[in-house]
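Here the structure is laid out as structure tokens; the discussion comes afterwards.
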Amino acid sequence: MEEERRNSNVMSEMKHVLMVPYPSQGHLNPMLQFSKRLTTKGVRSTMVITKFISKSMHLHQLSSLPTSIQFDTISDGYDQGGFSHAESISSYLSTMKAIGSENLKELIKKYNESSQHPIDCIVYDSFLTWVLDVTKEFGIIGATFFTHMCAVDFTFYCVHNGILKVPVSEVPICIEGHPLLELKDTPSFVCNPACYPAYFDLVMNQFSNVHKSDIFLVNSFYKLEHQVVDSMSKLCPMLTIGPTVPSSYLDNAIPNDTENNLNLFRLELTHSNWLNEKAPRSVIYVSFGSMVSFTSEQMEELAFGLIATGFNFLWVITDLEREKLKKEIFAEIHKDGKGLIVNWIPQLGVLSSNAIGCFLTHSGWNSTIEALCLGVPMVAMPQWTDQPMNAKYVEDVWKVGVRVKVDEDNGVVRREEIERCIRKVMGNDHGKELRRNADKWRELAVEAVSEGGTSDNNINEFVNLIKMRS
Ligand SMILES: O=c1ccn([C@@H]2O[C@H](COP(=O)(O)OP(=O)(O)O[C@H]3O[C@H](CO)[C@@H](O)[C@H](O)[C@H]3O)[C@@H](O)[C@H]2O)c(=O)[nH]1
């Protein structure tokens with residue numbers, strides 16, 4: 001009885017942070033992982049997700065989530081279909097801003113009026129600038145959470161502030177803290193702003209009200225990109241708090257924390273036996289995240305490129321994308337048991353298997369940092385947004401992978417090129433060096449989040465600020 005009372009006092013004394021992620025897979029995962037990290041510092045978190053996300057998500061290993069993490073919902077105006085029911089990304093974002101702001105205010109009032117868990121701080125995804133405006137209306141501490149790596153954030157920051165003019169007229173591009181960049185190394189919105197005007201506005205808008213923010217958190221770790229973190233910090237002081245990867249693969253600070261728990265796709269767990277039977281470093285893991293959509297031609301080139309390597313491969317193709325592969329190609333993939341196609345799998349578990357020798361990826365930031373943390377070398381096949389810059393760092397800065405070359409005539413990556421890059425990574429010449437480097441980054445990632453590491457110290461600084469100012 002006495003112990004129960006003490007525990008409930010401790011819970012009510014805990015600082016309470018609302019986490020407001022952008023509603024997509026690649027943004028939900030790191031924020032939930034960051035919430036888990038905060039629990040180790042005695043902070044309670046509520047993840048504020050949209051009603052549609054809440055209805056459509058598939059939860060995985062939810063019992064492993066610390067009890068001090070809760071979920072609550074707000075409407076984005078599209079409760080039945082989310083973003084896919086909106087006319088355009090611009091109309092989705094403006095509706096979300098209008099309806100989300102009102103709903104968020106109600107939510108804050110609900111918590112503040114209950115004596116138990118008033119809100120001490122709001123961490124919001126940098127894409128959702130309206131959350132910061134609401135936060136400040138209530139006089140609450142606001143922390144901006146940058147989901148991309150710092151190099152990408154700084155590039156957008158430079159464009160937003162006129163330090164880098166777009167369209168870029170001169171190459172190589174020279175930005176403090178970065179290596180020299182060709183156009184193909186910049187985020188797609190920088191290299192071709194006219195191509196995705198709504199997304200260009202979204203990433204530029206991130207900085208429109210940052211002067212109101214109390215703290216800037218970035219989903220990366222210091223040694224991974226210290227030059228660019230230092231450069232950006234002269235203008236906007238960044239606290240690296242990553243990698244936001246389940247702690248079982250890093251410092252084991254959170255019991256049973258092995259996976260990202262929220263999945264927006266149907267999980268398929270049929271791969272375990274197949275993978276367990278495979279020899280060490282004999283499997284290529286292939287996934288292009290949650291947003292990439294290829295042409296049928298590109299899918300076919302991928303399939304035949306993978307088959308030609310002769311290696312085993314585990315390929316994530318969501319139900320929606322599957323119809324792009326002809327039946328005969330499916331049959332060819334499964335013919336000798338070397339290929340397996342799945343809808344969506346717990347990616348961390350797969351990357352940590354010693355059967356995996358290489359990750360063929362679109363170079364989304366989460367996939368990239370997860371591979372770095374698990375010491376898996378990559379073949380980078382970037383498509384858009386931050387991915388080209390992530391791929392540049394993978395190949396030329398961290399030296400943990402090889403980037404495919406795109407056929408100049410039609411933008412397709414040919415099967416021979418896919419095969420060439422995979423052989424390079426899986427092989428013993430260049431491959432050995434890539435694996436050595438991958439192991440080095442893995443160790444540095446563990447060091448960053450372990451007690452006294454740069455990210456651990458930065459998280460302490462963040463928590464101390466909440467304690468002092470709330
Ligand atoms: O079968 C799968 C495939 C993926 N994942 C997870 O899904 C996430 C995918 O994230 P990411 O690699 O960043 O790709 P996207 O979902 O495509 O993310 C979008 O959002 C990111 C953050 O803005 C950007 O870096 C990407 O370029 C953009 O495509 C990762 O955590 C993976 O572990 C699974 O759990 N199972």
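The values are calculated or read from the model by the stated rules, or taken from the named source; none is laboratory data. Quantities reported herein were computed from a predicted structural model and do not represent experimental measurements. A quick note on method: Cβ atoms are made from the backbone with ideal geometry, for glycine too, and the neighbour counts reach across all protein chains shown.
List of remarks:
- Sole exception among (1) within 16 Å of the ligand (Cβ to nearest atom); (2) surrounded by 20 or more Cβ atoms within 10 Å (Cβ to Cβ) for Trp384, by number: (2)
Matching residues to (1) within 16 Å of the ligand (Cβ to nearest atom); (2) modelled with pLDDT of 95 or more:
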site: Phe265; (1), (2): yes, no
site: Glu268; (1), (2): yes, no
site: Lys278; (1), (2): no, yes
site: Arg281; (1), (2): no, yes
site: Phe288; (1), (2): yes, yes
site: Phe304; (1), (2): no, yes
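- Pairs meeting the criteria (first residue in segment 55-81 and over 20 Å from Ser247 (Cβ atoms), second residue surrounded by fewer than 17 Cβ atoms within 10 Å (Cβ to Cβ) and at pLDDT below 90, beta carbons under 8 Å, at least 6 apart or on different chains) are Tyr78/His85.
- Residue pairs meeting the criteria (Cβ under 9 Å; at least 6 apart or on separate chains; first within 18 Å of Asp251 (Cβ to Cβ), in segment 27-43; second in a helix (DSSP H, G or I) and at pLDDT below 95): Gly42/Val10; Gly42/Glu13
- Applying the criterion of at least 3 residues that are among the basic types (Lys, Arg) to the helices (runs of 4 or more DSSP H) found wholly in segment 372-469 leaves 415-426, 430-449.
- Restricted to segment 156-189, and to residues there that are closer than 20 Å to Tyr124 by Cα and within 22 Å of the chain's Cα centre (by Cα), the residue that is farthest from the ligand (Cβ to nearest atom) is Tyr157.
- Scanning segment 156-170 for residues that are loosely packed, with under 14 Cβ neighbours inside 10 Å, over 27 Å from Lys223 (Cα atoms) and touching a helix residue (DSSP H, G or I) at 6+ places or on another chain (Cβ under 9 Å) yields Lys165, Pro167.
- Taking segment 369-381 as the range and being more than 7 Å from the ligand (Cβ to nearest atom) and under 20 Å from Met426 (Cβ atoms) as the test, the residues that pass are Ala371, Leu372, Leu374, Gly375, Val376, Pro377, Met378, Val379, Ala380, Met381.
- Hits in segment 198-208 - residues which are over 18 Å from Leu183 (Cβ atoms) and assigned to a helix (DSSP H, G or I): Ala198, Asp201, Leu202, Met204, Asn205
- Subset of segment 180-197 [exposed (fewer than 14 other Cβ atoms within 10 Å of the Cβ) and closer than 24 Å to Phe83 by Cβ]: Ala194, Cys195, Pro197
- Residues in segment 306-362 that are among the hydrophobic types (A, V, I, L, M, F, W, C), more than 14 Å from Phe288 (Cβ to Cβ), within 16 Å of the ligand (Cβ to nearest atom) and in a helix (DSSP H, G or I): Leu348, Val350, Leu351.
Here is a yes/no grid of residues against (1) of a type in the set (D, E, K, R); (2) surrounded by 22 or more Cβ atoms within 10 Å (Cβ to Cβ):
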site	(1), (2)
Phe313	no, yes
Leu325	no, no
Lys338	yes, no
Gly349	no, no
Ile356	no, yes
Phe359	no, yes
Trp365	no, yes
Ile369	no, yes
Pro377	no, yes
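- Exactly one residue among Phe83, Phe34 is modelled with pLDDT under 95 and either out of contact with any strand residue (DSSP E or B) (no Cβ under 7 Å at 6 or more places or on another chain) or part of a helix (DSSP H, G or I) (or both), and that residue is Phe83.
- Residue check, Glu259 charged (D, E, K, R), under 14 Å from Ser352 (Cα atoms) and near the ligand (Cβ under 10 Å from one of its atoms): yes
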